[in-house]
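For reference, the structure discussed in these notes is given below.
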Amino acid sequence: MAGDVRERVIKVVAETLNLEAGQIHDESKFVEDLGAESMQSVELIAAFEEEFDIEMDEEEALDVKTVGKAVDFIAAHLD
Amino acid sequence: MSVLSRFMEQAKQRSLTVVLPEGQDDRIIAAARRMKDEGIASAVLLGDRQKIEAQASALGVGLDGIEIVDPAQSGKLDEYTAAYVKGRDLNPNVARRMVKRPLYFGGMMVAQGDAHSMVAGVAAPTAFVIQAGVLTVGLAEGIRTPSSFFLMIIPDFQGQKQKPFIYADCAVNIAPTPSELADIAIASEKSGRKLLPEEPRVALLSFSTKGSASHVNVDHVNEALVLVKQRAADLKIDGEFQADAAIIPSVGAKKVKQPSEVVGNANVLIFPDLNSGNIAYKLTQYMAGAKAIGPFLQGFAKPISDLSRGASVDDIVATTAICLAQV
């Protein structure tokens with residue numbers, strides 16, 4: 001399941017931040033590597049919520065800095 | 001009349017609406033009641049209706065005359081979602097999720113003219129309020145940097161009682177670039193225009209007065225001055241000034257030989273960075289016994305305000321009155 005979550009996370013990140021999926025890796029940092037400004041981070045959280053039909057705590061979610069950690073964070077919400 | 005009472009009285013003369021997104025908070029409910037009872041503003045509380053009603057009843061506060069809106073159930077959700085995505089490449093379902101969040105719903109109420117102002121921050125961090133503001137009401141024309149200011153009331157300034165000053169930016173931008181500093185100065189002038197009894201005269205502060213010292217930090221302030229003059233030619237702004245030259249006429253006259261509408265008479269003080277701004281406001285507050293009211297957000301297309309997490313009911317009412325004075 002983690003693999004499926006990873007794929008969907010990468011798809012959402014690519015769509016929201018206008019990137020190619022190939023540019024996005026587990027260790028990619030949203031702000032430093034992927035150029036997510038703080039404004040986009042908030043909408044990225046909403047985009048994850050939409051994709052996975054979950055609700056996330058905004059403050060906790062904004063502490064997640066990398067794509068890999070986002071996959072883990074979201075997978076925990078799906079359990 | 002104190003400066004605060006003046007804004008309260010001003011608010012009573014107008015019937016304005018404030019949206020309070022943190023509707024379940026005890027202090028927010030009590031503040032909404034007080035605003036209604038004293039005629040300062042009509043408040044709209046956002047949140048789950050049952051929870052707000054239960055909370056109010058536990059507090060012994062009646063809610064008559066106070067509107068409660070649950071963003072998730074609101075008939076305005078479609079309209080606000082459409083307005084939120086307008087002109088942007090954003091999935092409407094994602095936008096809808098954004099707009100259901102109280103801070104964003106409140107921001108859209110202001111953006112769409114259903115409320116005059118939004119006051120939030122007893123639970124949400126400042127950064128969240130700023131983000132919601134940028135994404136909903138947006139920034140004022142020509143401004144790209146949200147910032148903040150304090151209204152400082154000096155009990156006895158050179159013989160003048162209760163003298164108000166605007167200090168900026170003492171809370172948001174840590175190391176503003178010249179362009180950001182220019183935005184802070186322009187937004188602060190606008191805030192001063194709404195809140196000060198006199199015409200705003202803006203000083204860009206430094207450790208140097210008109211080239212008395214050479215340093216990249218001084219150049220930085222002067223670049224900001226050039227940018228302000230390009231962006232808003234009619235502003236009364238000057239610098240770089242040391243603080244004494246900015247506010248004391250005799251010192252200003254001694255240190256500055258060229259004509260200036262600001263020197264010695266500034267009432268809007270722009271600090272070069274957050275170090276100096278934050279230190280200055282706290283020293284003024286405690287050493288001069290000044291009242292520091294704020295921080296207020298500025299630079300937005302419509303007035304929105306942050307609250308500190310420790311804000312009292314009095315603070316919330318006062319902040320709302322001052323925020324509405326900017327409408």
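The values are calculated or read from the model by the stated rules, or taken from the named source; none is laboratory data. What you are looking at is a predicted structure, and each value in this text was computed from that prediction instead of being measured. Every residue, glycine among them, receives a Cβ derived from its backbone with ideal geometry; neighbour counts consider all protein chains shown. Protein only, heavy atoms only, side chains kept; ligands, DNA and RNA dropped before computing areas. Shrake-Rupley method; radii C 1.70, N 1.55, O 1.52, S 1.80 Å.
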Once exposed loop GluC sites (Glu not before Pro) are cut out (DSSP; at most 14 other Cβ, 10 Å), longest piece of chain B: B:1-140
Cα long-axis angle, helix B:216-231 against chain B (0 to 90 degrees, to the nearest 10): 70
Whole-percent carbon and sulfur share, accessible surface of chain B, 1.4 Å: 50
Protein heavy-atom accessible area occluded, B/A pair - total, 1.4 Å probe, Å²: 1400
Degrees, to the nearest 10: B:274-287 long Cα axis against longest axis of chain B: 90
In the range B:164-273, the trypsin sites (Lys or Arg not before Pro) that fall in loop regions by DSSP, at most 10 other Cβ within 10 Å: B:257
Chain-alone versus full-assembly comparison, the range B:112-154, residues with accessible loss of at least 30 Å² (1.4 Å probe): B:128, B:131, B:135
Length-normalised contact order for the range B:103-260 - Cα pairs under 8 Å, 6+ apart - percent: 16
Three-way shape label, the range B:147-294, alpha-carbon gyration tensor, a/c 1.5: rounded
The range A:2-78: C-alpha gyration tensor shape, a/c 1.5 cut-off, then a/b vs b/c: rounded
Centroid-to-centroid separation of the range B:76-147 and the range B:231-259 [C-alpha atoms, Å]: 38
Three-way shape call for the protein assembly as shown based on the alpha-carbon gyration tensor, with the a/c threshold at 1.5: oblate
